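As structure tokens, the structure follows; a few thoughts come after it.
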Amino acid sequence: MTDLIPMSEAMTFDLIMRQSEILAQSTIIPSAYRRKAADIVAAGLAGRAYGWDVMTSMRQFHVIEGTASLRPESMLGLVRQAGHSVTVEVQPDGAVAHGTRADTGDEHSASFTMADAEAAGLAGKKNWKQYRDAMLTWRAVAKLCRVLFPDVVLGAGYVPEELGAEVTPEGELVEAEVVDDDLIPIAEAKHAVLDAVGGNVDQAKDIWADTFGDGTPTRSAIATLLEGVTSAAPADK
């Protein structure tokens, strides 16, 4: 069997660069990374420290206001993957995460209570009312990881919620609706095509059907279309 040859740093960076250009156009990646190839590269490089590929890095790793954060499930998974032990105890007034290091035997416990949630302005949020135990658990886990396992989380021991982001009960970032600045109202786009063909309605309809069909026009696509129509028009003699 042929042994796999490790990729060099330069080859890895080149691969991530090429992947980012394609992934940035995808609609199934987290909205924070759409059309942002440079951010995908940054996430991919950061994720290498945890052994992740680019797709995994985008799902698990986020930078909010310049501070790195991880999903709490990712923190817990990384800690246990490293051989350490973490258990969580949910109590009437909060959650306590207990941890033990496999290498040194050091132990630590971290708690997050509803009083802490009240003080942080979280208790009134919908997720905290509906999924109290889960939300308390992940905050306690994050506190524990920062203190007992900093070598595992590598400076990204904050969950997105601690940095002001909205999250799901699983600790995932709630994606905000992305407003595409390139979109153009259909009526405006059709008028632009009609003007470009000198008011010829039938020609404008044919061009629209061939170019967009039932799709959504964008300003960049309209600009390209108009440029093509203009260049194809016979010059005045």
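The values are calculated or read from the model by the stated rules, or taken from the named source; none is laboratory data. Because the structure is predicted, anything quoted here is derived from the model rather than measured. With ideal geometry, Cβ positions are generated from the backbone for all residues, glycine too; neighbour counts draw on all protein chains shown.
Here are some notes:
- Exclusive hit being more than 30 Å from residue 76 (Cα to Cα), buried (at least 16 other Cβ atoms within 10 Å of the Cβ), outside the structural domain of residue 34 (by TED's automatic domain parsing) and at pLDDT 75 or above, set 209, 204: 204
- Close Cβ contacts (under 7 Å, 6 or more residues apart or on different chains) running from residues in the range 86-104 that are among the hydrophobic types (A, V, I, L, M, F, W, C) to residues that are in a loop (DSSP other than H, G, I, E, B) comprise 102/83; 102/84.
- Filter pass, residue 161 being of a type in the set (Asp, Glu), modelled with pLDDT under 95 and either in the same structural domain as residue 47 (by TED's automatic domain parsing) or buried (at least 23 other Cβ atoms within 10 Å of the Cβ) (or both): yes
- Summed over the range 59-88, the residues that are touching a Leu at 6+ places or on another chain (Cβ under 7 Å), among the hydroxyl-bearing types (Ser, Thr, Tyr) and closer than 19 Å to residue 137 by Cβ give a count of 1.
- Subset of the range 118-145 (residues that are within 16 Å of residue 69 (Cβ to Cβ), crowded, with 18+ Cβ neighbours inside 10 Å and either of a type outside the set (A, V, I, L, M, F, W, C) or out of contact with any Phe, Trp or Tyr (no Cβ under 6 Å at 6 or more places or on another chain) (or both)): 138, 139, 141, 142, 143, 144, 145
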